[in-house]
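The values are calculated or read from the model by the stated rules, or taken from the named source; none is laboratory data. It should be emphasised that the depicted structure is a prediction, and the values quoted were computed from it without experimental measurement. No Cβ is skipped: glycine too gets one built from the backbone with ideal geometry, and neighbour counts run over all protein chains shown. These accessible areas exclude ligands, DNA and RNA; they are computed on the full protein's heavy atoms, side chains included. Shrake-Rupley method; radii C 1.70, N 1.55, O 1.52, S 1.80 Å.
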Amino acid sequence: MLTQPYQLYIERRDATKNMARFYALAIEPTLFGTPCLTRRWGRIGTIGQAMVHHFDREEDAVRMFLELLRSKRARGYRPNTNVGREPTVRAVRGSLPGPCR
């Protein structure tokens, strides 16, 4: 069982390159209670692609979550700062498409 659910949504935009990308991460329990890291990415406004990683231990899932976050931050991904939107980085269970099964 997860001690704390993790969810992250970040974007990378560059109008000069016609770039508008998103990257979403979530750690959720599978039906059997083991941690599962779901990654989703693509152009903003599309469903994008997804990849699911299964782990035996929550610590391993969190380690990969943080490594991916550092990698994406280094490439220019940031939380969306549009006024009037809810915060895009949360430590609560939410609705990321493609739950772990």
How much net charge surrounds residue 20 when only the other residues with a Cβ under 11 Å from the Cβ of residue 20 are counted, with Lys and Arg +1 and Asp and Glu -1? +3
Here, chymotrypsin sites (Phe, Trp or Tyr not before Pro) of region 15-61 satisfying both criteria (DSSP loop; at most 14 other Cβ within 10 Å) are 32
So how exposed is residue 77, as accessible area in Å² (1.4 Å probe, rounded to 10)? 20
Taking r as the C-beta separation of residue 66 and residue 16 and R0 as 25 Å, the FRET efficiency to the nearest 0.05 is 0.25
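Pull out the extension gain between residue 43 and residue 30, defined as 0.36 nm times the separation in residues minus the alpha carbon to alpha carbon distance; nm, one decimal.
Residue separation times 0.36 nm, minus the Cα-Cα distance, leaves 2.0 nm.
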In whole percent, the fraction of accessible protein surface over region 6-78 that belongs to carbon or sulfur atoms, probe radius 1.4 Å, stands at 52
Please list, in order, the residues from region 25-48 whose amide nitrogen is less than 16 Å from a point placed 7 Å along the Cα→Cβ vector of residue 59. 35
Provide the per residue accessible area, probe 1.4 Å, for region 1-45, rounded to a whole number of square angstrom. 53
